[in-house]
Amino acid sequence: MTSLQRFTTAARKSRNPAAGVCWACATRAYTKYVIKENDIVVLKKSTSDDRIEPILSKPLKYGTNVKTPVGSIPADEIIGKSWRDVVVKSKGKKETAYRILQPSMGQFVELYPRIVTPIYPRDANLIVSLLDLHPTAPNEANEDDRLEIFEAGTGHGGLTLHLAKAIHAANTAAPPIPPRRQAEAVTPPVTENDIDAVAPPKSIEQIEAEQADATEEAYKNWMHKRRAVIHTLDAAEAHSLHAQRVVRNFRDGIYFPHVDFHVGGIPEYLTSRLADTKEAFLEHAILDLPSIHDYLEIVGKALRPNGILITFCPSITQVLSCVHEVKDKKLPFLLEKVLETGISAGVGGREWDVRTVRPKALVKAEVAAREQLGDVDESLDSLDEDAQADAEPATESSRGWEAVCRPKVAARVTGGGFVGVWRRME
Ligand SMILES: C[S@@+](CC[C@H](N)C(=O)[O-])C[C@H]1O[C@@H](n2cnc3c(N)ncnc32)[C@H](O)[C@@H]1O
């Protein structure tokens, strides 16, 4: 009897169609999963109207409610159900049905209450793909490899989650996350010797957590052996704390162990790491914060040759500030591309040509001035033809002011920005 015949016979005998499904399909987690206490779910109104925003619950607790626009739904009615089941809210004679779904990463980032604007999932996915990451599974031959990626600012933790997912395959399975690391600002130690030095002041939760020494120890050891880490830094502790909750709450913290959260300044963090490593240690870096150009020099020191730096700026003039900084300070970066993201730019971003050129009028004036002084070692003939044709319109005003320079989307500018992809040269 073939295996197919065995399945059909089993199904017929038991009068249960599932019995005829092969074992691997029948046991897939997403078909069998039963929603537990502490799970976070999405409630989506059972309607074809896509404009109705889904609802992201808090971690479900018995005896609590999930608020919806038509009233509260008891968590007890959701716990025990499976993905795609329906809960019904009755109000008078009106019944509203909500389908229970597992939040995708994109939904989670967009729907989680926020205190700062995240990079939207579409842009986060683009950034991750631009880094062209190919983490390999750990084995004996590669256990000493280390992939360190730096991100600043952490913000909502939206990009952090996407980055952590992208390196997930490079680390061995993480042990259980100790309770004290679940939602606190934990700045992981820079070196092994700093472990005790940076321990935050004790709270009741920490005292309890210290009792779980074995869990903590196993977790710490695992962290030191990770082959891939996202270092994410924010100047605002409140933002870092918030992002830790976002990352910790997504799918029970599946990606949390791959991330080290830091609070402080970029130069301070990178300089102290460089003092330890004595050489560039970052594979890639991503900057999404104001005045990015101020940090290019220190990031250039910490980034390994051939590494990629992604800059995310809301305005094209900020990309220009970076271009000028690299040119003025002769920093080892090559601007490979600039992509405009956002609804009007389409999937994958719209490419911009951003480079410095010397306006023809300015060069003419300089040559004329030199001629007057009898000091002509350069003539207009030597000017690059492209440079003459493409002379950049003045997009930046002087005296410390930057002009806003980007397309408007309806009345408000929502989402999107300019992604700069810079290659670290030798
Ligand atoms: C737009 S948010 C980043 C959003 C984030 N990429 C996300 O996807 O959720 C900018 C963050 O940069 C932080 N920030 C601003 N200036 C900073 C600085 N000099 N150093 C580190 N972080 C800074 C802010 O506190 C804020 O959280």
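The values are calculated or read from the model by the stated rules, or taken from the named source; none is laboratory data. Treat the numbers as computed from the prediction; the structure is a model and nothing was measured. A quick note on method: Cβ atoms are made from the backbone with ideal geometry, for glycine too, and the neighbour counts reach across all protein chains shown. Note: areas computed on protein heavy atoms with side chains; ligands, DNA, RNA excluded. Shrake-Rupley method; radii C 1.70, N 1.55, O 1.52, S 1.80 Å.
Candidate cross-link partners of LYS220 among the lysines, defined by an alpha-carbon separation under 16 Å and a same-chain spacing of 8 or more, are absent. Each label point was placed 7 Å from the Cα along the Cα-to-Cβ direction; for LEU334 and ALA365 their separation is 3.4 nm. Shown is the FRET efficiency for ASN65 and GLU268, computed with R0 = 45 Å from the Cβ-Cβ distance and rounded to the nearest 0.05: 0.50.
Note that segment 227-283 presents 36 Å² accessible area per residue, ligands and nucleic acids not counted, probe 1.4 Å.
Just to make sure I understand: if all protein chains stay in place, what is the order of LYS91, LYS278, LYS44 by accessible area at 1.4 Å, largest first?
On the way: LYS91 125, LYS278 160, LYS44 55 Å².
I get LYS278, LYS91, LYS44, largest accessible area first.
Under the simplified labelling scheme, the LYS301-ALA218 pair shows an inter-label distance of 4.1 nm, with each label point 7 Å from Cα along Cα→Cβ. Distance between the 7 Å Cα→Cβ label points at SER90 and TYR33: 3.0 nm.
Using a probe of 1.4 Å on the protein chains alone, the accessible area found for LEU289 is around 50 Å².
Taking a 1.4 Å probe, which of TRP422, TRP83 shows the most accessible area, and what order do the others take after it?
Numbers: TRP422 5, TRP83 25 Å².
Largest accessible area first, the residues go TRP83, TRP422.
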